[in-house]
Amino acid sequence: MTAVRCVDICKTYRQGDQDIRALDHLSVEIEKGEFVCLMSPSGGGKTTLLNAIGGLDIPDSGEVWVADKRIDQMSKGELADLRLANIGFVFQAYNLIPVLTAQENVEFVMQVQGIPTAKRREKSLAILEEVGLEGLENRRPAEMSGGQQQRVAVARAIVSRPALVLADEPTANLDSKTSDELMGLFKELNEHHNTTFVIATHDQRVMRYAKRIIRMRDGRIVDDIEQNAA
Amino acid sequence: MNIVLRLAWRNLWRHARRTWLTIGAMVFSNTLLVFMISFQFSMYGLMIDNTLQVFSGHMQVQAPEYKDDQKMRQVVPGVQPLAAQLRKEFDSDTIAARGWAFGLASSEERSYGIGIYGVEPEFEPRVSNIPGLIEDGRFFEQNDAMEIVIGEVLARNLRIGVGDELTILGSGLDGSFAAAVVVVVGVFESGVKDIDRNIAEMPLGTFQDVFYMNGAGHQVVIMAPTLDDAPALQSNVAAFLPDGLVVHSWDVLQPGLKQAIQADISSAFFMYGILVILVAFSVLNTQLMSVLERTHEFGVVMALGMKPGRLGRLVMLETALMGLLGFVLGAAAGALLTYWFTVNGLSYPGMEEMAANFNLPGRVYPQVSILKTVFGPAVVFLFTLLAAIYPAWRLRSLHPVEAMRTN
């Protein structure tokens, strides 16, 4: 079953006087349960592709399908609903809400989803324990290390068990030990819950965990290989 | 507590100083509004009481045409028995009968045209403060005494005083010549020159004899326990009256007073409006800054699946919380300040002397009420919410990717 399908998508940005073609007639299909790494040098188009798949950015042309729904023609509200129900995001800069505690950050998405309070509490505590943050539930982001914050961000992304997790350079600010722990967690979710992962990275260590590596350059796919993951 | 509510509350305190400054502006304006509105309406109460206690009363029973055509023939027949019936029916002694006529008052040296009221000696002091304003002499004791009290300007103009005789000439109800010689027993000073120059009072019995009224009069003056009680009492009196008589409220009898109050309310509320708008702009500034500096964060929560409309509601909720703080603190401060003056009174230089001229206390005691405490702060709260609409509305055009690119 196809989790993501992009058909001939293009995206051009204007930067000063120049037009930058971030995606150039790119087509790709990702099956449900795949663990995919997008690799490219900086400016290669991997973040733009992630944003297009996540409905955060609309391509200039082409089609984007997620969970068998064409999303490039959806309204803002429909895209928000899609992300809320189907997609978890992990950002390079964690992007936690600074005034909320770790547990509240995790609960926040569930609150938006309309999950009752008791269930929210139960699920948020369970997921924080799962990512190794037991006892840190009441800390605010400023009171946690980078690795701990990224784990909260991961917990927030996966607490509702989305079918698709999009991660943009999730290990960029982490040391190698924390990176390995995080990737181990992703791998476990991928294997146990059949969650589809699409990770944009240029971290070679992350590649070891991927079953499929898509290399991009100048907005195009230049290589698409499958490998035995770690 | 709901997480969105918790988020809104904590967002307020990210920049505590800025939030407190904005709340401070609301508290200041709310305190001022509560006090000023309370003071203003207490002053109106005094103005109304002061004016109505001179002659008008809260309402008057009259012949239907009398208000617009103040002629002798527009009478209330059997005016004293009617007043007595009303006193009994409504268990009130602040009801008095009167007659009115135009006449020529002549002393040995001079003559002046004046208005002459025939009043009930026993009940007039309960509906009018003129008897209490007698500076020299006394008020009447008997209903048929050949006596008169006059204003101090008239006394000066006629060059007479207490104990002197005054000749009254006029036209009776039946058109015949009316004449009498009465003794000045009192000189009053109301502080209103027109009244002191043009008005005289004599006992109603004497008035009816002199002007051949045949028991009739022109007004039954009624004072309600308070101004607020007047409308209900007026309805009851109207229902009780026989056909051919009407009862007019104070604002019909004194349209100028009502217009003066309305004009003062308009100018005062124009100033209050400016104050409220200034507070609203302060809120707009705060919330606009707050939204702009959180653009990145808003992009993130949109990426997580929050709709722009819900983000807008978050901003409105933050504003509502801030407004609510301003409302509660400002209303409380305003009520306390007003209550302090309720207990201790408010006076300013010259006020006591001026008020004494009107037989009124020299200090104003503004009254706190729920309506006066809530009205101003509620308007500020409403404008605070209106001011937040634009920052909240801006979020509708936010794109997650562009928002997350901002720092």
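The values are calculated or read from the model by the stated rules, or taken from the named source; none is laboratory data. Computed from a predicted model, the values in this text were never measured in an experiment. Because the Cβ atoms are built from the backbone with ideal geometry, glycine has one as well, and the counts that use them run over all protein chains shown. For the accessible areas, the whole protein counts, side chains as well, though only heavy atoms, and no ligand, DNA or RNA atoms are used. Shrake-Rupley method; radii C 1.70, N 1.55, O 1.52, S 1.80 Å.
Numbers for the structure displayed
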{"quantity": "Residue match in region B:376-392 (condition: more than 21 Å from B:G273 (Cα to Cα) and away from chain A (no Cβ under 14 Å))", "calculated": "yes"}
{"quantity": "Matching residues, region A:179-208, being assigned to a loop (DSSP other than H, G, I, E, B) and surrounded by fewer than 21 Cβ atoms within 10 Å (Cβ to Cβ)", "calculated": "A:N194, A:H202, A:D203, A:R208"}
{"quantity": "Checking A:A102 against (1) closer than 22 Å to A:I221 by Cβ; (2) away from chain B (no Cβ under 11 Å); (3) in contact (Cβ under 8 Å) with a residue 40 or more places away in the chain, the condition it does not meet", "calculated": "(1)"}
{"quantity": "Any helices (runs of 4 or more DSSP H) falling wholly within region B:228-316 and containing at least 1 residues that are open to solvent by less than 60 Å² (accessible area, probe 1.4 Å) and away from chain A (no Cβ under 14 Å)", "calculated": "B:230-240, B:250-253, B:255-293"}
{"quantity": "Residue among B:D196, B:D136 that alone is assigned to a strand (DSSP E or B), outside the structural domain of B:E353 (by TED's automatic domain parsing) and charged (D, E, K, R)", "calculated": "B:D136"}
{"quantity": "Yes/no for A:S27 being open to solvent by 10 Å² or more (accessible area, probe 1.4 Å), touching a residue at least 12 places away in the same chain (Cβ under 8 Å) and more than 16 Å from the chain's Cα centre (by Cα)", "calculated": "yes"}
{"quantity": "Residues satisfying the stated conditions in region A:111-125, i.e. closer than 27 Å to B:R396 by Cβ and more than 9 Å from chain B (Cβ to nearest Cβ)", "calculated": "A:G114, A:I115"}
{"quantity": "Matching option when the condition is crowded, with 17+ Cβ neighbours inside 10 Å, in contact with a helix residue (DSSP H, G or I) (Cβ under 8 Å, 6 or more places away or on another chain) and among the acidic types (D, E), among B:E89, B:E109, B:E120, B:E135", "calculated": "B:E120"}
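To keep it simple, each residue is scored yes or no on (1) under 35 Å from the mean Cα position of the chain (by Cα); (2) of a type in the set (G, A, S); (3) at pLDDT 95 or above.
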site	(1), (2), (3)
B:S107	no, yes, no
B:V119	yes, no, yes
B:S128	yes, yes, no
B:I134	yes, no, no
B:Q142	no, no, no
B:S171	no, yes, no
B:G175	no, yes, no
B:A180	no, yes, no
